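Student: Quick one: the structure is below, and I'll ask about it shortly.
The values are calculated or read from the model by the stated rules, or taken from the named source; none is laboratory data. All figures in this text were calculated on a predicted structure; none of them were measured in a lab. For neighbour counting, all protein chains shown are included, and Cβ atoms are generated from backbone atoms with ideal geometry for every residue, glycine included. Keep in mind that these areas ignore ligands, DNA and RNA; they rest on the heavy atoms of the full protein, side chains included. Shrake-Rupley method; radii C 1.70, N 1.55, O 1.52, S 1.80 Å.
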Amino acid sequence: MFSPKATRMSISLPTIAMMTALGLVLSGCSEEKVETKEIVRPVKVVAVADAGEARTLDYSGSVKARTEMNLGFRVAGKITERHVNIGDRVEPGDLLARIDPTDYQLAVKSAAASLVAAEKQVETARLAKTRAEGLFAKNVTSKSQLEEATLAYDQAVSTRDAAIASLDQAKNQVRYTDLTSDQTGIVTAVNADIGQVIGSGTPVVSVAVDGEKEAEIAVPEMDIARFRPGQTVKARFWSDEGLVLDGRVREVAGSADRLSRTFAVRVSLPNDPRVLLGMTATIETAGESERSAVSIPLAALAERDGRTIVWVVERGSDTVRSREITVGDFGADGVNVTQGLKPGDLVVAAGTQFMSENLKVKVPAGEALSAQAEADQLVR
């Protein structure tokens, strides 16, 4: 017969063993649950592009003659003849246009008549002077009378000289009614026609003088500092893609055009028979880098111990490390960094408050491509 105490002891021993085994199993499970996994945080990055890349400046213009004459009459009048059209070649002395010479021919006749009268007056004064000199020699007249006769003669001579000059001037004006070419060239514009009354000096015909050709372009003020007299540039032409010439900047306007607010730049071109007046030319030159610092988004900046830092992704280990930088200024696309970053660096562009040293990060391939595209856009 078993005692109750022995029965309780026999029952409790197996129970205790089972409970112990169950505890060990539960303990093993709990240890697996508390085991921590390595944190890999996805991040958005921006790739730092080369700040030293130069962009190409190209502006289109037209080919012009270095010297272009705007010819006009030296006297006013009504145009009665026009002998040239646009595109005609002219030589020195060729008649271009003519105005009505009637009034100027009448002026010649009037000046000629005045000259005849002046010559008669000189002859009369000469006779009076000769007579006064004879009488004075015989002590018949006083010296004052002789002096008056001499002065009258001198005055008559001066009047005759003025009449001669007036006649020459009138003859010149008759010649000025014919507009002739001074140089060999091509007529590029006709600004007046038969029947039009014009003033002296009004441009009637424009002639491009044969010789050196130039390309004239209009450059905005943001790029005008890239063009300097004597600078070598490339000239391309729409009419012939294979035609590329080395030009030289000859002249840069000192002030902007009042309407377009651009600066005129004239580029001398080498003598080439394929280059014709009026052709469209594109002038190309390498501009300087738009900026001396790299640009990153404002959200990429962080601060630690009073220093400005960014988090840079290490490409080999895919971890982030802090790097101190020097900030230049703030622009429309972000902040310009002058020191601390180099081309090719991957900078964390968002979520910098969650970064820590050697934190494992994940940069998706698509994200890296978009970061590079964003960097390229910042350079442009």
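Student: Given H placed 1.01 Å from N in the peptide plane, which residues other than close sequence neighbours of residue 205 have an amide H under 5 Å from its amide H?
Tutor: Here the answer is 71, 191, since their amide H atoms fall under 5 Å of that of residue 205.
Student: Using the Cβ atoms and a cut-off under 9 Å, what net charge is assigned to the surroundings of residue 66, where Lys and Arg are +1 and Asp and Glu are -1?
Tutor: Cβ neighbours under 9 Å give a net charge of +1.
Student: Run the quick spin-label model on residue 85 and residue 354: label points 7 Å from Cα toward the beta carbon, then report their separation in nm to one decimal.
Tutor: Using points 7 Å along Cα→Cβ, the separation is 7.8 nm.
Student: Roughly speaking, what is the stretch gain from residue 124 to residue 277, that is 0.36 nm per residue apart minus the C-alpha to C-alpha distance, in nm to one decimal?
Tutor: Result for the pair: 48.6 nm of gain on full extension.
Student: Local charge sum around residue 270 (other residues, Cβ-Cβ under 10 Å, Lys/Arg +1, Asp/Glu -1)? Mind showing how you got there, number by number?
Tutor: Numbers: positive: 213, 248; negative: 212, 246, 272.
Computed value for this residue: -1.
Student: Separate question: Please check which bits of segment 193-235 a label hung off residue 67 would reach, taking the label as a point 7 Å along Cα-to-C-beta and the cut-off as backbone N under 13 Å.
Tutor: Label zone hits: 207-213.
Student: Please list the non-local residues whose amide H lies under 5 Å from the amide H of residue 250, H modeled 1.01 Å from N, same-chain partners needing a gap of 5 or more.
Tutor: 230, 266, 267, 268
Student: So, one more: Starting from segment 218-271, pick out the trypsin sites (Lys or Arg not before Pro) whose DSSP state is loop and whose Cβ has at most 13 other Cβ atoms within 10 Å. Walk me through the numbers on the way to the answer.
Tutor: Numbers: sites: 226, 234, 236, 248, 250, 258, 261, 266; in loops: 258, 261.
Those satisfying the criteria are 258, 261.
Student: Sticking with this structure for a sec: Using r as the Cβ-Cβ distance of residue 57 and residue 194, and R0 as 56 Å, what FRET efficiency do you calculate, to the nearest 0.05?
Tutor: Taking R0 as 56 Å, the efficiency between residue 57 and residue 194 is 0.75.
Student: Okay, next question. Sort the following peptides by mean Cβ neighbour count (other Cβ atoms within 10 Å, averaged over residues), highest first: 309-317, 272-280.
Tutor: Listed from highest to lowest mean packing, they are 309-317, 272-280.
Student: For the cross-link pairs 64/234; 44/342; 234/342, which exceed 22 Å when the distance is taken from alpha carbon to alpha carbon? Intermediate values should be presented prior to the final figure.
Tutor: Working: 64/234 17 Å; 44/342 18 Å; 234/342 32 Å.
Result: 234/342 exceed 22 Å.
Student: Just in segment 218-280: which chymotrypsin sites (Phe, Trp or Tyr not before Pro) are loop by DSSP and have at most 14 other Cβ atoms within 10 Å?
Tutor: Taking segment 218-280 and a limit of 14 other Cβ atoms within 10 Å, the loop chymotrypsin sites (Phe, Trp or Tyr not before Pro) found are 238.
Student: Within 10 Å, count the other beta carbons around each residue, average over each peptide in 351-362, 211-222, and list them highest first.
Tutor: 211-222, 351-362
Student: Now a separate question. Specify, per residue and in Å³, the volume enclosed by the convex hull of the alpha carbon atoms belonging to segment 212-365.
Tutor: Dividing the Cα hull volume of segment 212-365 by its residues yields 192 Å³.
Student: Once segment 91-159 is represented by equal point scatterers at the alpha-carbon sites, with solvent omitted, what log10 I(q)/I(0) does the Debye formula produce at q = 0.13 Å⁻¹?
Tutor: -0.55
Student: Next question, about the same structure. Give the accessible area for residue 179 in Å² (nearest 10); use a 1.4 Å probe, count only protein heavy atoms, and leave out ligands, DNA and RNA.
Tutor: 10 Å²
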